[in-house]
Amino acid sequence: MLTRCWATRSNRKCWLAAAMLLAGLCIGCKAHASGCFDDWFCIEIHPHKEGHQVELRRVAPFPVVVTVLSSALEPTHIFTAALNTDKAYVLGHTVSPRAFWQTMRVRWTGGVLNATHNNAVKYRYPLQPKEQYRIVQGFNGGYSHQGRSRFSVDIAAPVGTPVYAARAGTVIDVVESHRQGGPSRRYAPYANYIIILHDDGTTGEYFHLKNQGAEVERGDQVTIGQLIGYSGNTGFSSLPHLHFGVYRAKPNGSYESVAFDFTK
């Protein structure tokens, strides 16, 4: 995020150099400096007996997994925190706030760390009627469904096709401002999407939506079968379609897809 570091599933998280943000986040790199990241969480530095204490605090009321790396962070230079409450999480301490900010890198993923998927759940087909919209790339698809996104499906559909929630949950992120798309990974940052947090900590993710194609907002509670948006052809997309997958958060800004079943 920020410069939208998690804009797509093919390039969704990236290390963010704090030095790039110093002008807006850390003027003078004072001891009490803080930096907030795309309305997800803030890193704060406070005076402490060991120098300065480094803390993480989430901003949005959604679980997020954050990994912070800095050569000026002690006792360990890299730390992963699962922020599931509004309570501050102590990462460690630093002798020099300036050195911390100048060497800091951060990655994050929305959701619950290593969430256990409820395999008893059956997902509603997100396009209706089901028989009208075929899956053009399924699990382990050779075009783009490998590695972390191997358990996902692409469903061909004309731009503007209504998209319905496959499972109930809370909307934790929405992007709908992009217009570009094409069959090249250089278009990956331009995908529009909706991400819904499920009650087991996994996320249902709906990608390649049309420009201004969301009918929900961050924080909305949605029910299964509810209209949430409209399909499109944005991002890394070779034809108009909806990409749907279920994911769990991992450390270092990573994630992995999990197998799921649609209702018959």
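The values are calculated or read from the model by the stated rules, or taken from the named source; none is laboratory data. Owing to the predicted nature of the structure, the values given are computational and were not obtained by experimental measurement. Here the Cβ positions follow ideal geometry from the backbone for every residue, glycine too, while neighbour counts run over all protein chains shown. Please note that ligands, DNA and RNA were not included when accessible areas were found on the heavy atoms of the full protein model with its side chains. Shrake-Rupley method; radii C 1.70, N 1.55, O 1.52, S 1.80 Å.
The residue list ASN252, ILE224, ILE43 was ranked by how far each Cα lies along the charge dipole of the chain toward its positive end, using unit charges on Cβ atoms, and ASN252 comes out on top. Sequence-distant contacts, meaning Cα pairs under 8 Å at least 6 residues apart, place the relative contact order of the chain at 19 percent. Remark on region 168-220: hydrodynamic radius 11.6 angstrom, per the Kirkwood mean of 1/r across alpha carbon pairs. Distance between the 7 Å Cα→Cβ label points at ALA259 and ASP86: 4.1 nm.
The charge dipole of region 31-91, taken about its Cα centre with unit charges on the Cβ atoms of Lys, Arg (+1), Asp and Glu (-1) only, comes to about 120 debye. Anyone know which of ALA191, ALA156, ALA33 comes out most mobile in the 10 Å Cα GNM of the chain? Residue with maximal mean-square fluctuation among ALA191, ALA156, ALA33: ALA33. Scattering from region 33-166 was approximated by placing one identical point on each alpha carbon and applying the Debye formula without solvent; log10 I(q)/I(0) at 0.14, 0.18 1/Å stands at -0.78, -0.98. For the pair LEU239 and ARG134 in one chain, pulling the backbone fully straight at 0.36 nm per residue adds 36.5 nm over the alpha carbon distance.
Accessible surface of ASP220, taken over heavy atoms with a 1.4 Å probe and every protein chain present, rounds to 50 Å². Where both bridge residues fall in region 132-264, DSSP classifies roughly 95% of the beta bridges as antiparallel. Just so you know, the Rg over Rh for the chain is 1.01, from Cα atoms, with Rh as the Kirkwood radius. Past 27 Å, Cα to Cα: identify those pairs from LYS130/LYS210; LYS130/LYS250; LYS49/LYS87, in the order given. Table pairs above 27 Å Cα-Cα are LYS130/LYS250. If only the Cβ of Lys and Arg carry +1 and only the Cβ of Asp and Glu carry -1, the dipole of region 123-264 around its Cα centre is close to 420 debye. Of the beta bridges in the chain, as assigned by DSSP with both residues counted there, near 95 percent are antiparallel. The smallest convex shape that holds all Cα atoms of region 111-183, its convex hull, gives 151 Å³ per residue.
With 0.36 nm allotted per residue and the present C-alpha distance subtracted, the VAL95-ALA120 stretch has 4.0 nm of extension available. Taking only the alpha carbons of region 124-264, we obtain Rg and Dmax values of 13.6, 39 Å in that order. Annotation: Cα Rg of region 107-152 relative to the compact-globule expectation 2.2 N^0.38 Å equals 1.47. About the centre of its Cα atoms, region 144-216 shows a dipole size close to 400 debye [charges on the beta carbon of Lys, Arg (+1) and Asp, Glu (-1) only; nearest 20 debye]. Each of MET104, VAL54, THR80 was scored by the projection of its Cα onto the charge dipole of region 20-152, and the greatest displacement toward the positive side belongs to THR80; charges sit on the C-beta of Lys, Arg, Asp and Glu.
Element breakdown for the chain at a 1.4 angstrom probe: carbon and sulfur atoms account for 51% of the accessible area.
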